[in-house]
Amino acid sequence: MSSAIVTGAYGAIGSAICQGLVDKGYDLTLVGRDEARLMNLQQKLETRAAGGRVDYHVVDLSLKASIVSFARSRNKPLDLLINNAATGPLRRTESAEGVEMQWAVNVLSYFRMIHYFKDHMINRPDARIVNVASYWAGGLDLSDPEFRKRPYDNDVAYRQAKQADRMMTVAWAGRLKGSNITVNACHPGDVNSKLSNSFGFGGHETPAEGAATPLFLAVDERIKGVTGKYFEHLQEVRCSFSSDHKAIEALFNELVRSL
Ligand SMILES: NC(=O)c1ccc[n+]([C@@H]2O[C@H](COP(=O)([O-])OP(=O)(O)OC[C@H]3O[C@@H](n4cnc5c(N)ncnc54)[C@H](OP(=O)(O)O)[C@@H]3O)[C@@H](O)[C@H]2O)c1
């Protein structure tokens with residue numbers, strides 16, 4: 001039985017990803033910060049579970065302490081990690097650990113989840129990490145990633161975060177090369193959600209359509225062994241951020257400081 005963790009599990013795209021994994025028989029751990037919503041999704045998914053178990057873990061992904069405690073508490077192997085959670089507050093806010101919220105959730109949680117869970121994935125035959133990023137990406141400013149010097153704009157913060165997700169995918173893939181673990185990123189789809197609404201957008205795709213590319217990267221046989229790539233609409237697309245190795249290393253070194 002393969003086991004998976006999905007962050008942002010009860011969100012619009014996250015819940016459709018979870019449905020897809022349950023239909024494939026995965027043993028699934030739902031991750032989110034609202035226990036009632038996790039329980040509700042767990043109950044819904046269990047009624048359609050194709051043999052796998054569904055459990056959940058309450059994690060505030062803006063906090064290193066919460067992620068570390070989750071990783072320490074898990075004592076079973078992991079085949080699939082899907083980093084999907086994201087936030088886009090209108091005003092600059094900080095986590096309880098004093099980190100700007102989009103940097104904390106949209107970037108550091110991806111990085112920390114990979115770092116603290118990669119040892120759970122060692123020795124699995126086909127271990128995969130999927131970073132749900134976006135085509136809406138750019139403008140990363142490593143001299144001020146948390147908007148301490150420049151005025152905060154939630155769209156600017158989001159675009160730089162999604163650029164960082166795509167760049168860290170390349171960095172992790174390089175570091176994990178030669179291991180059994182692959183790391184890929186994707187744009188999911190344009191789906192109406194709490195997140196898209198926070199940028200003034202709706203969405204013209206269904207949650208199932210939005211989940212299709214993350215699920216493709218997670219389960220499709222054709223992706224076995226593929227690593228460090230970026231996908232949109234089930235297709236590999238050249239990522240404009242993947243060739244600047246100096247910038248990728250600078251980002252990685254910055255993110256390592258968050259561990
Ligand atoms: N929707 C789109 O059109 C679109 C387009 C491109 C990329 N994406 C990407 O797709 C992914 C999913 O987005 P979505 O549209 O499905 O958004 P969503 O419905 O708002 O889901 C985001 C999820 O992240 C969770 N989350 C936020 N902060 C958290 C924290 N501190 N701790 C734990 N969980 C937290 C949210 O939980 P709470 O409700 O408790 O905050 C929610 O479950 C994101 O990575 C996003 O960047 C979406």
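The values are calculated or read from the model by the stated rules, or taken from the named source; none is laboratory data. For clarity, every value in this text was computed on a predicted model and none was experimentally measured. Only protein heavy atoms, including side chains, enter the accessible area calculation; ligands, DNA and RNA are left aside. Shrake-Rupley method; radii C 1.70, N 1.55, O 1.52, S 1.80 Å.
When DSSP assigns beta bridges and you keep just the ones with both residues in the chain, what percent turn out antiparallel, to the nearest 5?
Rounded to the nearest five, the antiparallel share is 15 percent.
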Collect residues whose amide H, placed 1.01 Å from N in the peptide plane, falls under 5 Å from the amide H of residue 54; neighbours closer than 5 in sequence don't count.
-> 28
For segment 37-45, take each phi angle, set θ = phi - 60°, evaluate the Karplus expression 6.51 cos²θ - 1.76 cosθ + 1.60, and give the result in whole Hz per residue in order, putting x for glycine and proline.
-> 6, 5, 5, 4, 5, 4, 4, 4, 6
How much of the accessible area of the chain, in percent, comes from carbon and sulfur atoms when a 1.4 Å probe is used?
-> 50
Lysine pair number, Cα distance threshold 15 Å (strictly under), segment 3-256, separation 8 or more or different chains = 5
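Whole number in Å², please: accessible area per residue of the chain, 1.4 Å probe, ligands, DNA and RNA not counted. Walk me through the numbers on the way to the answer.
Details: 11310 Å² over 259 residues.
Result: 44 Å² of accessible area for each residue.
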Given a cut-off of 22 Å, what percent of all Cα-Cα pairs of the chain lie beyond it?
-> 50
Output the relative contact order of the chain, whole-number percent, from Cα pairs under 8 angstrom with separation of 6+ residues.
-> 19
Enumerate the amide H contacts of residue 127 below 5 Å, restricted to partners 5 or more residues apart or on another chain; note that Pro and chain-start residues carry no placed amide H.
-> 182
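Send over the semi-axes of segment 78-117's equivalent ellipsoid, whole angstrom and largest first, taken as the square roots of 5 times the C-alpha gyration tensor eigenvalues.
On the way: eigenvalues 98, 24, 6 Å².
Values for segment 78-117, descending: 22, 11, 5 Å.
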What value, in deg cm²/dmol to 500, does the helix sum -39500 (n - 2.57) over DSSP H runs of n ≥ 4 give at 222 nm once divided by the residues of the chain?
-> -12000 deg cm²/dmol
